[in-house]
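Peer 1: This structure is in structure tokens; I'll ask about it shortly.
The values are calculated or read from the model by the stated rules, or taken from the named source; none is laboratory data. Only a predicted model underlies this, so the values are computations on that prediction, with no experimental measurement involved. Reconstructed Cβ throughout: ideal geometry from the backbone, glycine too, with neighbour counts over all protein chains shown. Accessible surface areas use protein heavy atoms only, side chains included; no ligands, DNA or RNA. Shrake-Rupley method; radii C 1.70, N 1.55, O 1.52, S 1.80 Å.
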Amino acid sequence: MTVRAQQNPENPSRRGRRSATMSGMPLNDMPWWRWRSNVRSALHMLSDPDFQRNVWLAGTEGYGDVTDAVYRLVEDTWLDNWSAEKYVGTIFRDSQEAALVDTAVLRVLRIMHQVGPDAPVAAYLDHQDWPEAVRAARDAHVRMAASDGDDPEAAPRSLEVLRIMTRAA
């Protein structure tokens with residue numbers, strides 16, 4: 001007779017189980033959910049022109065700046081070197097989500113390379129292609145937020161809140 005260990009339904013590390021949520025987003029349903037959280041945070045900030053004017057342009061502390069968002073978008077994922085398609089099933093839920101992220105990354109990085117990573121926020125916001133980059137980031141953000149059961153219209157969270165939420169699990 002084979003004895004099977006009884007699965008604890010409260011154990012969030014069990015495959016197929018959803019654990020606590022991050023504002024509705026199941027924390028452990030994607031293998032690399034911390035990376036997903038960073039990508040989502042960056043896309044959220046890059047997709048919101050009101051946030052950019054009222055927080056980044058105003059110099060409000062606790063949210064970083066455009067360069068911080070871009071690094072959060074690509075630093076762990078290397079999306080500046082290869083396609084998000086590589087991460088379908090680990091960070092991204094499907095090819096459509098990955099394609100939207102790829103489009104946003106390419107548009108934002110093109111501007112970053114033109115204005116420079118140390119440029120003031122206004123250089124990004126005033127760039128002729130910035131509205132296109134914002135739209136691409138918005139498309140990716142809305143898709144990812146909807147996939148995670150979050151409200152895409154909620155205000156972006158501070159970097160401290162992001163750190164706390166990604167440590168919490």
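Peer 1: Report, by residue number, each residue of the stretch 73-119 that is open to solvent by 20 Å² or more (accessible area, probe 1.4 Å), β-branched (Val, Ile, Thr) and either within 18 Å of the chain's Cα centre (by Cα) or under 16 Å from Trp32 (Cα atoms) (or both).
Peer 2: The answer is Val88, Thr90, Thr103.
Peer 1: Every residue in the stretch 41-57 that is under 8 Å from the mean Cα position of the chain (by Cα) and either assigned to a loop (DSSP other than H, G, I, E, B) or under 15 Å from Ala133 (Cα atoms) (or both), please.
Peer 2: Taking the stretch 41-57 and keeping what is under 8 Å from the mean Cα position of the chain (by Cα), we get 41-44.
Listed by number, the residues that qualify are Ala42, Leu43, His44.
Peer 1: Still on this model: Quick one: is Ala123 open to solvent by less than 70 Å² (accessible area, probe 1.4 Å), part of a helix (DSSP H, G or I) and more than 17 Å from Ser47 (Cβ to Cβ)?
Peer 2: In short, yes.
Peer 1: Output the residue which, of all residues in the stretch 30-47 that are open to solvent by less than 40 Å² (accessible area, probe 1.4 Å) and of a type outside the set (A, V, I, L, M), is modelled with the lowest pLDDT.
Peer 2: Let us first name the residues in the stretch 30-47 that are open to solvent by less than 40 Å² (accessible area, probe 1.4 Å), namely 30, 33, 36-47.
Still in the running and of a type outside the set (A, V, I, L, M): 33, 36-38, 40-41, 44, 47.
Working: Trp33: 87, Arg36: 94, Ser37: 93, Asn38: 94, Arg40: 96, Ser41: 96, His44: 98, Ser47: 98.
Filtering first and then ranking leaves Trp33.
Peer 1: Pairs under 8 Å by beta carbon, first residue over 17 Å from Ala99 (Cβ atoms) and open to solvent by less than 40 Å² (accessible area, probe 1.4 Å) in the stretch 138-165, partner among the polar types (S, T, N, Q) and not in a loop (DSSP other than H, G, I, E, B), six or more apart or different chains?
Peer 2: Between residues of the stretch 138-165 that are over 17 Å from Ala99 (Cβ atoms) and open to solvent by less than 40 Å² (accessible area, probe 1.4 Å) and residues that are among the polar types (S, T, N, Q) and not in a loop (DSSP other than H, G, I, E, B), the close pairs are Pro156/Ser41; Leu159/Ser41; Leu162/Ser37; Leu162/Asn38; Leu162/Ser41; Met165/Ser37.
Peer 1: With the structure loaded, tell me whether Ala69 is under 21 Å from Val142 (Cα atoms), open to solvent by less than 10 Å² (accessible area, probe 1.4 Å), out of contact with any strand residue (DSSP E or B) (no Cβ under 8 Å at 6 or more places or on another chain) and hydrophobic (A, V, I, L, M, F, W, C) or whether it fails that test.
Peer 2: On the way: under 21 Å from Val142 (Cα atoms): yes; open to solvent by less than 10 Å² (accessible area, probe 1.4 Å): yes; out of contact with any strand residue (DSSP E or B) (no Cβ under 8 Å at 6 or more places or on another chain): yes; hydrophobic (A, V, I, L, M, F, W, C): yes.
Yes; evaluated as a whole, the condition is true for this residue.
Peer 1: Got a number for residues in the stretch 120-169 being of a type outside the set (Ser, Thr, Tyr) and under 18 Å from Trp33 (Cα atoms)?
Peer 2: Step one: filter the stretch 120-169 for residues of a type outside the set (Ser, Thr, Tyr), giving 120-123, 125-146, 148-157, 159-165, 167-169.
Imposing the further condition that a residue be under 18 Å from Trp33 (Cα atoms) reduces the set to 140-146, 148-152, 156-157, 159-165, 167-169.
Count: 24.
Peer 1: Next up: List pairs: first residue in the stretch 81-102 and under 16 Å from Ser147 (Cα atoms), second residue open to solvent by 30 Å² or more (accessible area, probe 1.4 Å) and basic (Lys, Arg) anywhere in the structure, Cβ distance under 8 angstrom, at least six positions apart or on different chains.
Peer 2: Gln96/Arg143; Glu97/Arg143; Leu100/Arg143
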